[in-house]
Amino acid sequence: MKMEGKVAIVTGASRGIGREIALHLARLGAKVAVNYAGSEAKANEVVAQIVEHGGEAFAVQADVANSEAVDRMVKEVLERWGRVDILVNNAGITRDNLLMRMKEEEWDAVINTNLKGVFLCTKAVTRQMMKQRYGRIVNVASIVGVSGNPGQANYVAAKAGVIGLTKTAAKELASRNITVNAVAPGFITTDMTDQLSEDVRQAMLQQIPLARFGNPEDIAHVVAFLVSDGASYMTGQTIHVDGGMVM
Ligand code: NAD
């Protein structure tokens, strides 16, 4: 799974799953653009860790829901490294509420970041990847996009949308040797899930056949496989990485 010479963009890479994906791809030899929306200091920490281990990386600010910012991000990567081989659409947020209480702003915020963001970033790299006749795109969905989840209508709709978008992009881009796949994490221990109560966490644990929560490394390894040469005959797939929670 060596990735020397490959250029990767990982969105929402300043913490959690995105951070681990960025570190792992860099360990395998990829040059990594560490995208962040808010905390430049956190993104710089990820860059410093990569550079300390002999890798190449830089932090690039862009709200994935803003097309101008996304286009600027891709332009910066191309100016610096001349190509983009890998895009990992990882940035995501939750704004949970029961359907009847969900505010329009909560709906819009989650759809804009989690679904429109994937569309905008994919669109922004497509021209370059088509020119290269090479590209590997991985979208971070969620198993709730397959199973549904009370209190997360916005998030579930966005993640189900990401799975559909993955299949359509895979079909549109296959002739140019661009693969598009998704990973659907289950319950992964990050800042996003740390907000949940102990009761909810225990209830979740009961539903996981492998009897543990996942960690960001569990996702990073599967993403690395999907962007590697070993997965070059896979496209349009959604891989559940959830300890067997949804079968
Ligand atoms: P996290 O909150 O720790 O990290 C999310 C990252 O996305 C943060 O760095 C945040 O700054 C960034 N981000 C948010 N909005 C952004 C925007 N508009 N533009 C750019 N970056 C933005 O969460 P995480 O658990 O690491 O989640 C990463 C991905 O995995 C998300 O797409 C999430 O939906 C998905 N996921 C997580 C779990 C889980 O159990 N943690 C399960 C299923 C899916």
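Can we say Arg212 is farther than 19 Å from Val162 by Cα, of a type in the set (Lys, Arg), out of contact with any helix residue (DSSP H, G or I) (no Cβ under 7 Å at 6 or more places or on another chain) and at pLDDT 95 or above? Step through it out loud before you land on a result.
Numbers: farther than 19 Å from Val162 by Cα: yes; of a type in the set (Lys, Arg): yes; out of contact with any helix residue (DSSP H, G or I) (no Cβ under 7 Å at 6 or more places or on another chain): yes; at pLDDT 95 or above: yes.
It is true that Arg212 is farther than 19 Å from Val162 by Cα, of a type in the set (Lys, Arg), out of contact with any helix residue (DSSP H, G or I) (no Cβ under 7 Å at 6 or more places or on another chain) and at pLDDT 95 or above.
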Report task. Kindly indicate whether Val34 is away from the ligand (no atom under 14 Å from the Cβ) and outside any helix (DSSP H, G or I). Result -> no
Report task. Give Val60, Val51, Val10 a once-over and let me know the one that is in contact with a strand residue (DSSP E or B) (Cβ under 7 Å, 6 or more places away or on another chain) and without any contact (Cβ under 8 Å) to a residue 12 or more places away in the chain. Result -> Val51
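Quick grid of which residues meet (1) open to solvent by 50 Å² or more (accessible area, probe 1.4 Å); (2) more than 15 Å from the ligand (Cβ to nearest atom); (3) in contact with a Cys (Cβ under 7 Å, 6 or more places away or on another chain); (4) not in a strand (DSSP E or B):
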residue: Leu165; (1), (2), (3), (4): no, no, no, yes
residue: Ala170; (1), (2), (3), (4): no, yes, no, yes
residue: Ala184; (1), (2), (3), (4): no, no, no, no
residue: Met192; (1), (2), (3), (4): yes, no, no, yes
residue: Val200; (1), (2), (3), (4): yes, no, no, yes
residue: His221; (1), (2), (3), (4): yes, no, no, yes
residue: Tyr233; (1), (2), (3), (4): yes, yes, no, yes
Query raised in the report: What pairs can you find where one residue is in the range 105-128 and more than 17 Å from Thr179 (Cβ to Cβ), the other is among the aromatic types (Phe, Trp, Tyr), and their Cβ atoms are less than 7 Å apart, with a gap of 6+ or different chains?
Result: Val110/Tyr155; Asn114/Tyr155
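Filter the range 95-119 down to residues that are surrounded by fewer than 21 Cβ atoms within 10 Å (Cβ to Cβ) and in a helix (DSSP H, G or I), then give me how many there are.
Residues that pass the stated criteria total 13.
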Report task. Collect the residues in the range 59-92 that are open to solvent by 40 Å² or more (accessible area, probe 1.4 Å) and assigned to a loop (DSSP other than H, G, I, E, B), keeping them in residue-number order. Result -> Asp63, Asn66, Gly82, Arg83
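The values are calculated or read from the model by the stated rules, or taken from the named source; none is laboratory data. None of these values were measured; they are calculated from a predicted model. Note: ideal-geometry Cβ built from the backbone for every residue, glycine included; neighbour counts use all protein chains shown. SASA here: full protein model, heavy atoms, side chains in, ligands and nucleic acids out. Shrake-Rupley method; radii C 1.70, N 1.55, O 1.52, S 1.80 Å.
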